[in-house]
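Asks: Got a structure for you, questions after.
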Amino acid sequence: MNEIVGLSPAIVRVKRATRKIAKSDEDCLIIGESGVGKAQVAHIIHRLSRRRSDPLVKLYPSEFYSTKNSQNGEFTQHFDRIISSAAGGTLVVFDVEEFPDQQKFQLQELLQGLNGYKKFWEGSSRPRIISTSKLSPQKALEQKTISTNLYYKLNRLMLEIPALRSRKQDIPYLYQKFIRKAARAQGITLEGYALSDELYDGLMLYNWPGNVKELKNCIRTLVVTAENGLVKPTVLPFLDNKDPLKLFAEKSLPEAVQIVENYLLKKALGRFEGNQTKAAQHLQISEASLRYKLKKYVIDNK
């Protein structure tokens, strides 16, 4: 479980749920944006499950979108070969909403033990299916990218992985893990791994649309471009804070005050891992004032 890095309430809940889901043998649907770590969690569930010594097989939608030989049933046969190789183990179906209709239909037949898939049920060798999706249940069904019947058969258990922007207090821990790993992989010796104030501010202000995967890539860039053993935050455009007040140029005074207060509140909460008492002391305001401002700016302290 230590592979899931962070101490925020959101990621602690994910760790607890992952451990419990691994003990079950139910099929599971993992949802979350691209880059949040769905594949990592799927692997952990398998390694903690009773099937850990059996195969872990991955299935991607891209395997079924080649135009070559697409009319002669080879895709159907390929799907069947994958299922057979995963017998008794775990089948991870990535981005299930992106699969062709034919493979979605096959997946539903497998779940129901119909036609040629009945043998897996009779022999107790049907693989446990862990599927992933970038869509929430509501969006998946609204967009009709997957049938209601299939969705709820896959969704026997559901685990949602939060976006990085909703658990920014984990960024310093992720930074320490990734920068050490990147330095070792590149054979680069850094003078220190400490997170400077400039870099901290840049990482915490950015919204991370690519989530943990984007953060990891950015840190690798910092390591590779380090000079004299020191990372240079300015190599990443969004971390360049040469004119920190530029964003206020077109703002009214009330708007500017709101932006500053919102930033300082989030930074203080992140620094003290959500502890409101310590955050209020650091900001030199009362806890009542802090709670008022959190409600005013709709800041979710999770």
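The values are calculated or read from the model by the stated rules, or taken from the named source; none is laboratory data. Note that this is a predicted model, so its numbers are computed, not measured. All Cβ positions, glycine included, derive from the backbone under ideal geometry; neighbour counts span all protein chains shown.
Asks: Within the range 151-164, identify whether any single residue is modelled with pLDDT under 90, under 20 Å from residue 36 (Cα atoms), in a helix (DSSP H, G or I) and within 22 Å of the chain's Cα centre (by Cα), and answer yes or no.
Replies: The answer is no; no qualifying residue exists.
Asks: If the requirement is being surrounded by 14 or more Cβ atoms within 10 Å (Cβ to Cβ) and either assigned to a loop (DSSP other than H, G, I, E, B) or outside the structural domain of residue 35 (by TED's automatic domain parsing) (or both), which of these qualifies: 268, 288?
Replies: None of the other options fit; the residue is 268.
Asks: Looking only at residues in the range 111-125 that are outside any loop (DSSP other than H, G, I, E, B) and touching a residue at least 12 places away in the same chain (Cβ under 8 Å), which one is farthest from the chain's Cα centre (by Cα)?
Replies: 116
Asks: Okay, next question. So how many residues does the range 113-137 have that are under 15 Å from residue 155 (Cβ atoms) and not hydrophobic (A, V, I, L, M, F, W, C)?
Replies: 7
Asks: For the range 134-182, enumerate the residues that are under 16 Å from residue 101 (Cβ atoms) and of a type in the set (Ser, Thr, Tyr).
Replies: Within the range 134-182, 145, 147, 148, 151 meet the criteria.
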